């Protein structure tokens, strides 16, 4: 599948995680931001990396044909990482960002219409990283 | 015998191995015996990046892994051998590697498979390969992570 960036209309995301983390991230984002589309979740539960990669491809095929995809992964070193990187290798408009957390997903939803696809992964990684802090109440 | 753990797991190197078995077994090396990965640059890089720096990792076809182990390439190391399937494990034994016990760590649901345990689903060919391993005197110990109890499944596959 080859797509040109000129034809890209929408940037979608698939949150690929262990257990129900991804589904809960998306459900929680809906509670905070209300209605949105183009965000999916997949669990690695009971799946080989190959099966998980097929599920990712399946979602991509059934989404808009002009979509670009950010794959948000909880833990890169395992089946979620293996599956998403396998998909990224085969598609021009797919990029993996690992270490997904709620601020990162909310940043995706707020920025996907403002930031070009090429720059979005780095921005999301930065937002996710910046949200991780050791907090001392005296220095707030 | 330097093989401290031989594990069947269709995810090969992943969290359960790195966070569960590596601290329990304390291996010097992980040997991934898999024909596909041995031939895939990006998969070798990916799996290497999963492993903590104090543990060596090597990738070999099943046939090469058998030759390396039999040829005492790893004789000064404690190793974990990871295999993707029961069939690959049978090939390793058929190539002369004598293993008394094999950890069955994860075989996921596929079309036509039957559930033996929540983390062990077998298609017909796999059951046959496990049965052959039992005939060769292997103890099949199903255990996903060290902190969960092991279950001997020999009687379930014959």
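Looking at A:45, A:88 in this structure, which one is within 22 Å of residue A:28 (Cα to Cα) and touching a residue at least 12 places away in the same chain (Cβ under 8 Å)?
Numbers: A:88 fails: within 22 Å of residue A:28 (Cα to Cα).
From the options A:45, A:88, the qualifying one is A:45.
I'd like to know if the stretch B:12-22 contains one or more residues that are under 25 Å from residue B:137 (Cβ atoms) and out of contact with any helix residue (DSSP H, G or I) (no Cβ under 9 Å at 6 or more places or on another chain).
Yes: the stretch B:12-22 contains one or more residues that are under 25 Å from residue B:137 (Cβ atoms) and out of contact with any helix residue (DSSP H, G or I) (no Cβ under 9 Å at 6 or more places or on another chain).
Would you mind listing the strands (runs of 3 or more DSSP E) fully within the stretch A:1-106 where at least 3 residues are modelled with pLDDT under 95, more than 13 Å from every other protein chain (Cβ to nearest Cβ) and out of contact with any strand residue (DSSP E or B) (no Cβ under 8 Å at 6 or more places or on another chain)? Full working, then the answer.
Working: elements: A:11-17, A:39-43, A:68-73, A:94-98.
Answer list for the stretch A:1-106: none.
Each row is one residue, and each column tells you yes or no for (1) under 29 Å from residue B:72 (Cα atoms); (2) within 14 Å of the chain's Cα centre (by Cα); (3) buried (at least 21 other Cβ atoms within 10 Å of the Cβ); (4) in contact (Cβ under 8 Å) with a residue 24 or more places away in the chain.
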{"residue": "B:109", "(1), (2), (3), (4)": "no, no, no, no"}
{"residue": "B:112", "(1), (2), (3), (4)": "no, no, no, no"}
{"residue": "B:115", "(1), (2), (3), (4)": "no, no, no, no"}
{"residue": "B:119", "(1), (2), (3), (4)": "no, no, no, yes"}
{"residue": "B:122", "(1), (2), (3), (4)": "no, no, yes, yes"}
{"residue": "B:135", "(1), (2), (3), (4)": "yes, no, no, no"}
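Which is touching a residue at least 40 places away in the same chain (Cβ under 8 Å), over 13 Å from the mean Cα position of the chain (by Cα) and within 14 Å of chain A (Cβ to nearest Cβ), of B:32, B:51, B:57?
The match here is B:57.
Go over the candidates B:12, B:19 one by one and state the one that is closer than 21 Å to residue B:148 by Cβ, within 10 Å of chain A (Cβ to nearest Cβ) and surrounded by 23 or more Cβ atoms within 10 Å (Cβ to Cβ). So that I can check it myself, show each step before the final result.
Values: B:19 fails: surrounded by 23 or more Cβ atoms within 10 Å (Cβ to Cβ).
When all the criteria are applied, what remains is B:12.
The values are calculated or read from the model by the stated rules, or taken from the named source; none is laboratory data. Given the structure is predicted, the values throughout are model-derived calculations rather than measurements. Don't worry about glycine lacking a Cβ; one is built from the backbone with ideal geometry, like all the others, and counts go over all protein chains shown.
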